[in-house]
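The values are calculated or read from the model by the stated rules, or taken from the named source; none is laboratory data. Because the structure is predicted, anything quoted here is derived from the model rather than measured. Here the Cβ positions follow ideal geometry from the backbone for every residue, glycine too, while neighbour counts run over all protein chains shown. Heads up: the accessible areas ignore ligands, DNA and RNA and are worked out on the full protein's heavy atoms, side chains in. Shrake-Rupley method; radii C 1.70, N 1.55, O 1.52, S 1.80 Å.
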Amino acid sequence: YGDGATKESRSLLRMGRLVSALEQRYAEPWTLQTLSEFANLSRTNLLRIFRQATGQSPIDFLIGLRIEEAKRMLRQTSLGITEIAFETGFGDSNYFARKFREATGHSPTAFRRRTWS
């Protein structure tokens, strides 16, 4: 996409770069501000364009990435729940447990038990 690229295609390229960065750096302390700065968009435009591209907000997308990695870690490691919370970018293990339950229907401990049974 060169100089002739449409505004929409440039926005989609920005979202692609942002999604890639989130997938690679999910554990970093991203905020809506840092996300909008990374994409070089206002918060309002970031939220609108990201939702159009992915069907969800950037923060919900990021939480989903973190939960998927936490699920992998619960299945494949013996790390404690708090360690996994911090390793996946959650700054609070209670918030992690709440978001994990919302996403999976199980607490992290119950998920691990079910996986290892």
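Here is how the numbers come out for the structure above:
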quantity: Around Glu102: net Lys/Arg minus Asp/Glu count, Cβ-Cβ under 13 Å; calculated: +3
quantity: At 1.306 mPa s and 10 °C, Stokes D of region 50-117 from Kirkwood alpha-carbon radius, µm² per second; calculated: 130 µm²/s
quantity: Correct choice for volume of the Cα convex hull per residue in Å³ that was computed from the model, options [x] 124; [y] 106; [z] 115; calculated: [y]
quantity: Sum of side-chain charges, Arg25 neighbourhood, beta-carbon under 15 Å (Lys, Arg +1; Asp, Glu -1); calculated: -4
quantity: Of all accessible heavy-atom area on the chain, the percent that carbon and sulfur account for (1.4 Å); calculated: 48 percent
quantity: Accessible area expressed per residue, the chain, with surrounding protein chains retained (probe 1.4 Å, Å²); calculated: 61 Å²
quantity: List Phe86, Phe38, Phe111, Phe96, ordered by accessible area with a 1.4 Å probe, largest first; calculated: Phe86, Phe38, Phe111, Phe96
quantity: Candidates Ala85, Ala70, Ala21, ranked by Gaussian network fluctuation over the chain, Cα under 10 Å, top entry; calculated: Ala21
quantity: Cα convex hull volume per residue for region 1-52 (Å³); calculated: 75 Å³
quantity: Relative contact order %, the chain, counting alpha carbon pairs below 8 Å whose residues are six or more apart; calculated: 21 percent
quantity: Within the chain: Cβ-based charge dipole about Cα centre, in debye rounded to nearest 20 (Lys, Arg +1; Asp, Glu -1); calculated: 360 debye
